Amino acid sequence: MAAAEAAERVFGYAEAGAHWQRAIALGHQHPGAAAAAGTGVPRMYVRAVDALYLAGDGDRASVVAEDAYRRYAGHPDPAIAAVVRHRAAFHRAIDSPAAGLPLIEEALRLYEQAPPSADHARAWLDYAEDFLLAIEGRHEGIPPALHRALEIAEAAGATSLVPNILAESAQDTFRRGQIEEGFALVERALALARAADDSPTLMELAITESDALLKLARFPGAAEVALRGLDYAGQTGLRASFSASVLAINVAEALLAGGHTAEAAALIDPLTTGPPGRLHWPAHEARAEIDLLRGYIDAAVMRRQQIDALFADVRHAEFARESTRRAAELALWAGRPGDALDEVQRVLPLASTPDLAIFCGRLLAAGMRACADLAEQARARRDDAAAGAAAAAAGALVSWVGQAGGAPFTGHPWVATIPAERATWDAERTRLAGPSNPDAWTAAATAWQHLGCPHSAGYAWWRQAQAQLDGGHPATTAAAALRAAAAAAAGHAPLLAQVRLLAERARIPLQPPAASAGPAPPPARARVAYGLTGRELVVLRLLAAGRTNAQIGAELYISPSTASVHVSNILRKLGVSSRVQAAAIAERAGLLHQGQP
């Protein structure tokens, strides 16, 4: 016990956890000695669980918490029975808040039978933060839970908990759209933690503040605050903790929003050399997104599969929303719109209340993009049934937005990205119906550019140029948007690859971008020949690569006039009037593979 406490004083939480487990084993062998030492075995369990959790060993912490619950949930002392239920509930909630809910509610009832304590106050805080927030329809209970936590903390003299309670109150205030009031609460919490020189609490407060700044699209400020939180984590031996992993993903999210892929990778790569763990998955979420942006599609897919395997049955709404949004965007860039749509449809039922729906705009835009991709592919294959299915899926997304009262696309003071997400959603809907509307994409690009999000703006500019070319506009009309897309795509290899491909087909010269292009998403698997001959398929592939009639003739040892006849036949059979339109149709229909369809 003395060794464990000494390790805790110098932030050696892994060592402390090992010492507490040794003390537990000895305590079972010599219960009298444990009692004489002033700490019973049940309390040793609690100290071990907390030390292991802070050390980042979530799996072991959960095992020890469950062991304590089996042994002491029926303890005659209500304070002990409460605290072992409390820790078991907390660790069950990591996987499923609903699974831990009965335990935390029973713990709160038992705590009321004992004198006020820091554990009791912490239980009310955890109840608000990890249960009411995560379970649909329970948000109205957060303010009274936090008020009760503050009452008990003050009665028990647990002043170190007050900044954490204020921080959670700030989060609830932000959700209500009261931004200035929320930051006032954060400042009060920071002042108390600084006065107490409480670095662990300052680390936790950095999560609250950086998260608020991210939602307000104040990306440089969010990165600065989260990096400061990581410094506090380093000072207190908490770099392996769950909180440090959350801070890391907050830094990465801020950097990636601003297009700084290399800087985000420099932070995240060293944190993700091993497989994701139960408390370290946030950094791995960031790594999967970074790998996607670098063009390492296979690596991103493999990491996502590892993350998903950890949380196969998780029903945590906030975690599921953000993780699914990243998974859907990965599937889209990998050329799997059906998988992306499945991801979105799976998670939306967890976020149907307005408090949760306000954060779903980007997820919904990804879902609509998937529907639009599927519709374009279906039209290219002349598959009316598939086109109808894509339209029906899009209609279901629209209905979900209506059932949520329009919250995902209604302005909210705390969610600065809503206007840009709404503009993207609207533009994708025009692509669903076809042909895509260039003006809608202009609005989306402008909205994202205003927020300082170059990759999202670049995507919209690419779609704008594509819409102009698909609509039969000359290449000179689309050149400005395509060049803007190329400039914005630095650090986004899949987007840059698509921009370059479109420029090559339309013979629009681009200024060489700084970042190298990654592999383009694979074409759709299903193919149909449109009655094209084998020679016409070969000509189509060269045409799609941007070759002129003279170049096609030279490559195939035919005259330019013969190449021109083939091109005319291809345009007629595809039902289009331009070479760029033919290339787009061919790609969507899967006609650009080397093998015969």
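Read-outs throughout are calculated quantities, based only on the coordinates presented, and are distinct from any laboratory measurement. In this text the structure is predicted, and so the values were computed from the model without any measurement. Here Cβ is always computed from backbone atoms with ideal geometry, including for glycine, and neighbour counts include all displayed protein chains.
Just a few scattered comments:
- Neighbours of HIS412, meaning other residues whose beta-carbon lies under 13 angstrom from its beta-carbon, give a summed charge of +2 when Lys and Arg score +1 and Asp and Glu score -1.
- Order of MET302, MET368, MET1 under a 10 Å beta carbon neighbour criterion, fewest first: MET302, MET1, MET368
- Pairwise centroid distance, computed over Cα atoms, of region 98-141 with region 426-472, Å: 46 Å
- Charge sum, other residues only, whose C-beta stays under 12 Å from PRO102's C-beta, Lys/Arg counted +1 and Asp/Glu -1: +1
- Percentage relative contact order, region 435-510, counting C-alpha pairs under 8 Å, at least six apart: 28 percent
- Note on the chain: helix-only mean residue ellipticity at 222 nm, from DSSP H runs of 4+ residues weighted -39500 (n - 2.57) and normalised by residue number, equals -23000 deg cm²/dmol.
- Centre-to-centre separation between the Cα atoms of region 206-236 and those of region 52-87: 31 Å.
- By other beta-carbon atoms within 10 Å, ranking THR476, THR324 with the fewest at the front produces THR476, THR324.
- Separation of region 262-338 from region 170-202 is 30 Å, based on Cα centroids.
- Each residue in SER245, SER399 was given a count of other beta-carbon atoms within 10 angstrom of its own, and listing them fewest first yields SER399, SER245.
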